[in-house]
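The values are calculated or read from the model by the stated rules, or taken from the named source; none is laboratory data. As the structure is a computational prediction, the values presented were derived from the model and not from experiment. No Cβ is skipped: glycine too gets one built from the backbone with ideal geometry, and neighbour counts run over all protein chains shown.
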Amino acid sequence: MEITAVYYLIPALIMFCCGVYGFITRKNMIAMLVSLELMLNAVDINFVVFNRFLFPEQMEGMFFALFAIAIAAAETALAIAIIINIFRAAKNIDVRSLNEMKF
Amino acid sequence: MDSLGSIIMYFIVALSMIIFSVMAVTTRKILRAATYLLFTLFAAAVVYFMLDYEFLGAVQIAVYAGGIVVLFVFAILLTSHPGDNAPRLTSHSRTIGVIGAIAMLLVTGYALITRAAFFLPKPEMEAPDMQTVGATLLGSGHAQYLLPFEAVSVLLLACIIGGVVVARKR
């Protein structure tokens, strides 16, 4: 049996769809951020798989995934700072109860 | 033709990736969701290693497992009581979520399996060594990445300052 590109793309696709499901259904902001990380990771896997299977002599996909990881880390750190600040002001992080911009 | 060992390895990794990512979005305890996310990220790192991108796999483990998941765990412990269950989903929101996810799965899955290019065998490639990675990251020639590298360093600086300003006590 030959492991081709689609064998890696299908688990990544399922991971992305899990992220979509979680982002729609979850109400806790940190749980939504977890779903977002799942989606970002699925996209990283796709970049690397396309690079490895379709253009093995180049390294664009690998470096794109590398920069995506760096930006995802920065974005998560900032999002968690904002979430903790919201928690301090509103005493909860449920998106349904956060309907005012200013407390 | 792949060896039996790499096929077994592939199935372990693919199954754990699928199972843990489903569990990360369906469990009702938020700390468990973070733990399942950690396992999913490890599975992704193993995929990078299996595809010969050792440096990327190491970065994935160091940044995601070592940095982001720890941040998640701290944020969860600061904002909720461990052991709390999330409220049960209403059937309305669950229906919307399942329909959205399944529709996306079907459309994208159909697009994937109808492309012949994704069924070609893995071409030969020598794994990029550290010297190549470093020269590509810090060179300014064709297909080299000095400018994005510097842009990311400015982004990280802005992120540090932003994090301090947003989270400090007033």
- Please indicate, with yes or no, whether at least one residue in segment B:40-52 is closer than 27 Å to A:Phe64 by Cα, within 10 Å of chain A (Cβ to nearest Cβ), assigned to a loop (DSSP other than H, G, I, E, B) and of a type in the set (A, V, I, L, M, F, W, C). yes
- Message: Given the condition under 24 Å from A:Ile83 (Cβ atoms) and not basic (Lys, Arg), answer yes or no: does some residue in segment B:145-152 qualify?
- Response: yes
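Does B:Thr114 fit the bill of being surrounded by fewer than 13 Cβ atoms within 10 Å (Cβ to Cβ) and more than 30 Å from B:Ala33 (Cα to Cα)? Reasoning before the result, please.
On the way: surrounded by fewer than 13 Cβ atoms within 10 Å (Cβ to Cβ): yes; more than 30 Å from B:Ala33 (Cα to Cα): yes.
The answer is yes for B:Thr114.
Return the only residue of A:Ala42, A:Ala79, A:Ala74 being free of Cβ contacts under 8 Å to residues at least 24 places away in the same chain and assigned to a helix (DSSP H, G or I).
Numbers: A:Ala42 fails: free of Cβ contacts under 8 Å to residues at least 24 places away in the same chain; A:Ala79 fails: free of Cβ contacts under 8 Å to residues at least 24 places away in the same chain.
Just one listed residue meets the conditions, A:Ala74.
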- Residues being within 8 Å of chain A (Cβ to nearest Cβ), hydrophobic (A, V, I, L, M, F, W, C) and in a helix (DSSP H, G or I) - total across segment B:134-148: 1
- Looking at segment A:20-39, which of the residues that are more than 7 Å from every other protein chain (Cβ to nearest Cβ) and in a helix (DSSP H, G or I) is modelled with the lowest pLDDT? A:Met29
- Is there a residue in segment A:41-52 that is more than 7 Å from chain B (Cβ to nearest Cβ) and over 22 Å from B:Ser21 (Cα atoms)? yes
- Determine, yes or no, whether A:Arg96 is surrounded by fewer than 21 Cβ atoms within 10 Å (Cβ to Cβ), in a helix (DSSP H, G or I), in contact with a Lys or Arg (Cβ under 7 Å, 6 or more places away or on another chain) and not hydroxyl-bearing (Ser, Thr, Tyr). yes
- Restricting the first residue to segment A:56-68 and requiring it to be farther than 19 Å from B:Glu126 by Cα and more than 7 Å from every other protein chain (Cβ to nearest Cβ), which pairs with a second residue that is modelled with pLDDT under 85 and not in a loop (DSSP other than H, G, I, E, B) meet a Cβ separation below 9 Å and a spacing of at least six or different chains? none
- Query: So is B:Ala151 within 30 Å of A:Phe53 (Cβ to Cβ) and at the interface with another protein chain (Cβ under 7 Å from one of its Cβ atoms) or not?
  - Reply: no
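Kindly check whether there is at least one residue in segment B:89-107 that is more than 7 Å from chain A (Cβ to nearest Cβ), at pLDDT below 85 and on the phi < 0 side of the Ramachandran plot.
Filtering segment B:89-107 down to residues more than 7 Å from chain A (Cβ to nearest Cβ) leaves B:90-92, B:95, B:99, B:102-103, B:106-107.
Remaining after also requiring at pLDDT below 85: B:90-91.
From the residues that got through so far, the ones that are on the phi < 0 side of the Ramachandran plot too are B:90-91.
Yes, segment B:89-107 contains at least one residue that is more than 7 Å from chain A (Cβ to nearest Cβ), at pLDDT below 85 and on the phi < 0 side of the Ramachandran plot.
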- Message: Condition first: more than 7 Å from chain A (Cβ to nearest Cβ), within 15 Å of A:Phe67 (Cα to Cα) and in contact (Cβ under 8 Å) with a residue 24 or more places away in the chain. Now tell me which residues in segment B:53-63 satisfy that.
- Response: B:Phe55
